[in-house]
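Some notes on the structure that comes next.
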């Protein structure tokens, strides 16, 4: 937040400076601070007053904002600048931060760029009221002192190597253009300038372009008299796309050579920063880079800088006047554990507040997880069983390897849990390190939001067919209120699982239906044979989120496989209405209650909805 003087604030608001000071002393100007005998007024001040109290004009929420200058100037900014202090306390030469998508990687990278980069303007103004500036001169002296090379590979998503290479050629050319002044530098040789011009004109060969980071850092170091910083955002995006599209070996060879020149034994490099979702194993890309340190979601260091912490959430909710929504935000968007730090999904929290605190899965479809589909296609029955357990709200114990080599994925189908963890679909409850990068973890789904997207983004990728797939389909049909499909799926499920010798009473079918409904336990409280109204319902699904519908099932059975199903249904739905089984759900504030009668006769099924 920027600040202005009392006199400037008075001019904006059309009142006297003396009146502004009085309002400040009475805490009637939100965010005003006292420095010595002067008041500093937030530069977001408006001139609208009611009874001498400012009607607060809050900053906009930073939805999709990854430009640091824009974020701190025009939007609500959660201060993550102490990341700079933590880094400077250690000064690791090359750092790789791996986090799930939409957890603030790009914004933090741009923050580092703005802080360190030599600029024609005084960029310290973006940090003077931030946490890093209060850390002292020992850290402030690094501000604006280094030339920076910055590349983002987040949009390198192409189906062929030719198109991917053309896109990366353009990205590198644009970064060279940002440093066009080097063409006039007396410290750079003619040969370097000819190379520079080829890259600018996008005429450099693949071999030439692989040297681009090394050559550009050398020219920058020569011109400025100080080594350069190299930053690569979302380095692994083109690698995943290449693996799926079939040009993995070509992309790996190019990126390995590009990174080797830029980060390995480069005397013109002072610091290097990379971000990504996955840590691609050293043997694949970072071969021989002994100066690289990886900070993944299992590490304590930097754990609070990607995503929001509990104090940050409370402060943000208070700022927007929705303190009472804290518990709901925790249930829906908390639950991630990075190192030993509890973390909230920042993308979802910001969207939640922006949409009048309506809880729903905002994180869904913010990126591609086709690679998970590749693994699930090869999953064993044991892995499918564990994935279904997760959906039911249970935890699973599994090996997790934070280093990945893509060609080995199908050889190690259990790596699905590594991907689910690093991409944000699981949280670690407990961890038992085994070897470098490999550990045994107790893992579970972190929150309600992920429970909501888990079916569509994970379970739906199961190969079609099979008992588990049918059970998931039944759940989807109930949630979507597609009762025609529900009846068909139930019929198919009964035929697959129930022997003609099995059914003997209504209790058998009730146990059968409860088994199916158990898969709802991540979103619903599943109850059976509980008193409500004037009787005892068979099965009730009470939603954890009161905006979802509740369900009541009444089952009827006839041992005769030729029995009249319509008559059984009429009895079932009539009983729900007559005995008011919906009273309990109504008393709990459930707005929509769907009543379903289910009739069984042998292996025949029919349903009716009220």
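Okay, here's what the table says:
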{"quantity": "Relative packing of peptides 96-108, 286-298 - highest average C-beta neighbours within 10 Å first", "calculated": "96-108, 286-298"}
{"quantity": "Distance-filtered residues of the range 82-110 - backbone nitrogen under 14 Å, label point 7 angstrom along residue 291 Cα→Cβ", "calculated": "91-96"}
{"quantity": "Estimated distance in nm for a label pair at residue 119 and residue 529, the labels positioned 7 Å out from Cα along Cα-to-Cβ", "calculated": "6.9 nm"}
{"quantity": "Gain on full stretching of the segment that runs from residue 22 to residue 187 - 0.36 nm per residue minus C-alpha separation", "calculated": "53.6 nm"}
{"quantity": "Linear extension gain, residue 578 paired with residue 544, 0.36 nm per residue minus alpha-carbon span", "calculated": "9.6 nm"}
{"quantity": "Efficiency of FRET between residue 481 and residue 93 - r from beta-carbon atoms, R0 60 angstrom, step 0.05", "calculated": "0.55"}
{"quantity": "Principal-axis tilt of helix 565-578 within the chain, Cα atoms, nearest 10 degrees", "calculated": "70 degrees"}
{"quantity": "The chain - percent relative contact order, Cα under 8 Å, separation 6 or more", "calculated": "10 percent"}
{"quantity": "Centroid-to-centroid separation of the range 300-324 and the range 65-109 [C-alpha atoms, Å]", "calculated": "15 Å"}
{"quantity": "Ordering of 313-321, 186-194 by burial proxy (mean other Cβ atoms within 10 Å per residue, highest first)", "calculated": "313-321, 186-194"}
{"quantity": "In degrees, nearest ten, helix 161-178 long axis to first principal axis of the chain (Cα)", "calculated": "40 degrees"}
{"quantity": "Förster radius 25 Å - calculated FRET efficiency between residue 203 and residue 160 (Cβ-Cβ, nearest 0.05)", "calculated": "0.75"}
{"quantity": "Residue-span extension gain [residue 377 to residue 86] - 0.36 nm each, minus C-alpha spacing", "calculated": "100.6 nm"}
{"quantity": "Within the range 305-341, backbone nitrogen closer than 18 Å to the virtual label 7 Å beyond the Cα of residue 30 toward Cβ", "calculated": "312-326"}
{"quantity": "Burial ranking of peptide ranges 301-309, 84-92 (average Cβ count within 10 Å, highest at the top)", "calculated": "301-309, 84-92"}
{"quantity": "Rounded to 5, percent antiparallel among DSSP beta bridges of the range 481-609", "calculated": "65 percent"}
{"quantity": "Order of 347, 363 under a 10 Å beta carbon neighbour criterion, fewest first", "calculated": "347, 363"}
{"quantity": "Simple spin-label estimate for residue 177 and residue 356 in nanometres, 7 Å along Cα-Cβ", "calculated": "4.4 nm"}
{"quantity": "Correct option for Kirkwood radius over Cα pairs in Å [calculated from the coordinates] among (i) 24.7; (ii) 26.8; (iii) 28.0", "calculated": "(iii)"}
{"quantity": "Relative exposure of 116, 271, judged by other C-beta atoms within 10 Å (fewest first)", "calculated": "271, 116"}
{"quantity": "Within the chain, helix-based [θ] at 222 nm, where runs of 4 or more DSSP H residues each add -39,500 (n - 2.57), nearest 500", "calculated": "-11500 deg cm²/dmol"}
{"quantity": "0 to 90° range, to nearest 10: angle between helix 483-497 axis and the chain longest Cα axis", "calculated": "70 degrees"}
{"quantity": "Antiparallel DSSP beta bridges within the chain, as percent of all bridges there, nearest 5", "calculated": "55 percent"}
{"quantity": "Two-site FRET efficiency, residue 319 against residue 8, from Cβ-Cβ distance with R₀ of 22 Å, rounded to 0.05", "calculated": "0.45"}
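Read-outs throughout are calculated quantities, based only on the coordinates presented, and are distinct from any laboratory measurement. Just so it is clear, the model here is predicted, and its values are computed rather than measured. No Cβ is skipped: glycine too gets one built from the backbone with ideal geometry, and neighbour counts run over all protein chains shown.
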